[in-house]
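**Q** Here it is: the structure, laid out below.
The values are calculated or read from the model by the stated rules, or taken from the named source; none is laboratory data. Given the structure is predicted, the values throughout are model-derived calculations rather than measurements. As a convention, Cβ positions derive from the backbone with ideal geometry for all residues, glycine included, and neighbour counts pool all protein chains shown.
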Amino acid sequence: MERTAQYWIDKLQLTPHVEGGAYGEVYRANLILPHSALTKTHNSDRNAMTSIYFLLQHGEFSAFHRIASDELWHHYDGGTLCIYEITPDGQLIRHLLGIEEGAMPFVVIPAGSWFGSRVEQAGSFTLCGCTVAPGFDFADFELADRKALSAQYPVHSGIIAKMTR
């Protein structure tokens with residue numbers, strides 16, 4: 001049986017994500033890290049780790065955003081996902097998450113980088129997992145403003161315009 005994006009959305013009970021695509025949280029560590037043990041970009045205590053399922057279909061995109069923790073991406077099903085990362089020093093890195101030639105099944109996006117993703121193969125989707133440590137909290141989530149991010153990194157304004165709302 002070929003699994004479709006809708007199959008996974010239904011099976012995993014995924015819901016729309018503010019950045020685009022669909023997601024569902026699957027793990028939140030009980031261990032709490034005190035704010036004093038975290039970086040100044042974390043706003044308060046955090047769970048040691050969190051993990052979600054994340055699904056994007058061709059024609060959708062995960063808008064550029066950044067978080068205060070490292071994010072580890074794991075490919076589960078579907079085609080290759082292109083993750084665009086803009087590092088704090090302005091370097092644009094195009095990561096390919098998948099199992100097809102040229103892709104890797106695991107990608108790390110360091111804390112503080114801007115990143116967004118999309119499925120570039122027509123008719124395809126990607127189901128992946130995202131693990132964040134210290135754990136994800138929307139208080140540490142910043143969705144990019146197109147104008148501000150383009151002003152900060154004008155050389156990347158083309159991809160920024162395509163992957164912001």
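**Q** Would you confirm whether any residue within the stretch 78-96 is more than 26 Å from Lys11 (Cα to Cα), of a type in the set (S, T, N, Q) and surrounded by fewer than 21 Cβ atoms within 10 Å (Cβ to Cβ)?
**A** Looking through the stretch 78-96, at least one residue is more than 26 Å from Lys11 (Cα to Cα), of a type in the set (S, T, N, Q) and surrounded by fewer than 21 Cβ atoms within 10 Å (Cβ to Cβ).
**Q** Is it the case, given these coordinates, that Gly20 is under 15 Å from the mean Cα position of the chain (by Cα), in a loop (DSSP other than H, G, I, E, B) and modelled with pLDDT of 95 or more?
**A** yes
**Q** Return a yes/no flag: does the stretch 57-74 have any residue that is touching a residue at least 24 places away in the same chain (Cβ under 8 Å), acidic (Asp, Glu), touching a helix residue (DSSP H, G or I) at 6+ places or on another chain (Cβ under 8 Å) and surrounded by 13 or more Cβ atoms within 10 Å (Cβ to Cβ).
**A** Among the residues of the stretch 57-74, not one is touching a residue at least 24 places away in the same chain (Cβ under 8 Å), acidic (Asp, Glu), touching a helix residue (DSSP H, G or I) at 6+ places or on another chain (Cβ under 8 Å) and surrounded by 13 or more Cβ atoms within 10 Å (Cβ to Cβ), which makes the answer no.
**Q** On to the next question. Condition test on Arg28, is it among the basic types (Lys, Arg) and under 30 Å from Gln152 (Cβ atoms)?
**A** Against the criterion (among the basic types (Lys, Arg) and under 30 Å from Gln152 (Cβ atoms)), Arg28 does not qualify.
**Q** Is one or more of the residues making up the stretch 31-42 assigned to a strand (DSSP E or B) and either surrounded by fewer than 20 Cβ atoms within 10 Å (Cβ to Cβ) or modelled with pLDDT of 95 or more (or both)?
**A** The answer is yes, given that some residue of the stretch 31-42 is assigned to a strand (DSSP E or B) and either surrounded by fewer than 20 Cβ atoms within 10 Å (Cβ to Cβ) or modelled with pLDDT of 95 or more (or both).
**Q** Applying the selection to the stretch 26-41, what residues are touching a residue at least 60 places away in the same chain (Cβ under 8 Å) and of a type in the set (Gly, Ala, Ser)?
**A** Passing the criteria: only Ala29.
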